[in-house]
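Peer 1: Handing you this structure, nothing more for now.
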Amino acid sequence: MLWLVVLAFFCFVSLSLYSGFREALPSGVRTVWDVVQVVAGCVGAVWGWIVQRRAHRRDLLDPPRPGRARAARRASVGRSTGLAVLGRGLVVIAAPVMPAFAAFCVGWSVAALTVREYPTEVGARRAMQG
């Protein structure tokens with residue numbers, strides 16, 4: 001549930017940044033750019049879903065053992081602070097396409113949250129079985 005609230009806030013921020021960019025456009029271009037954003041948002045949501053499902057399917061073929069999963073988690077946590085700082089600057093630059101990026105993130109997240117089991121669970125179960 002918390003993840004859905006975070007996604008909703010991210011979409012709100014994305015649309016707010018986009019509306020700030022949109023105000024600087026001439027009125028004739030706004031309509032065209034809005035249509036482009038709607039199409040890009042639909043494509044982005046589907047693309048995010050496909051990217052996540054393919055990665056999930058690939059990870060299920062070779063699920064990580066518990067030790068490998070812990071090492072990967074530790075490695076990703078070490079990089080998260082730097083990526084968060086870098087992401088703040090990129091968000092301002094990406095304001096014209098933030099709705100499409102937000103749609104990609106929503107598609108990716110919904111696909112990740114609606115799986116039957118995660119690869120780490122499969123890897124842990126296989127490790128326990130022998």
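Peer 1: For the stretch 48-56, in order, what is each residue's ³J(HN,Hα) by Karplus, 6.51 cos²θ - 1.76 cosθ + 1.60 with θ = phi - 60°, in whole Hz (x at glycine and Pro)?
Peer 2: x, 4, 5, 4, 5, 5, 5, 5, 5
Peer 1: What's the whole-number percent of alpha carbon pairs in the chain lying beyond 22 angstrom?
Peer 2: Here the long-distance tail beyond 22 Å is 51 percent of all Cα pairs in the chain.
Peer 1: Using the Karplus curve 6.51 cos²θ - 1.76 cosθ + 1.60 with θ = phi - 60°, work out ³J(HN,Hα) for each residue of the stretch 97-112 in order, rounded to whole Hz, and write x for Gly and Pro.
Peer 2: Computed from phi, the couplings for the stretch 97-112 are 10, 4, x, 5, 5, 5, 5, 4, 5, 5, x, 5, 5, 5, 5, 6 Hz.
Peer 1: Additional query: Full-extension gain between Trp3 and Arg70, please, as 0.36 nm times their residue separation minus the C-alpha to C-alpha distance.
Peer 2: That works out to 22.0 nm of additional length.
Peer 1: If I take all pairs of Cα atoms in the stretch 6-69, what percentage of them are more than 17 Å from each other?
Peer 2: In whole percent, the long-distance tail amounts to 61.
Peer 1: Sorted by packing (mean other beta-carbon atoms within 10 Å per residue), highest first, where do 45-54, 97-106, 62-71 land?
Peer 2: Per-residue mean Cβ counts within 10 Å order the peptides as 97-106, 45-54, 62-71.
Peer 1: Still on this structure: Residue by residue through the stretch 125-130, what is 3J(HN,Hα) from phi via Karplus (6.51 cos²θ - 1.76 cosθ + 1.60, θ = phi - 60°)? Round to whole Hz and write x for glycine and proline.
Peer 2: For the stretch 125-130, the Karplus curve yields 5, 5, 5, 6, 6, x Hz.
The numbers here are math on the coordinates, done by the rules we state, and not lab data. Bear in mind that the values here come from a model prediction, so they are computed numbers and not experimental data. Cβ atoms come from the backbone with ideal geometry, glycine included; neighbour counts cover every protein chain shown.
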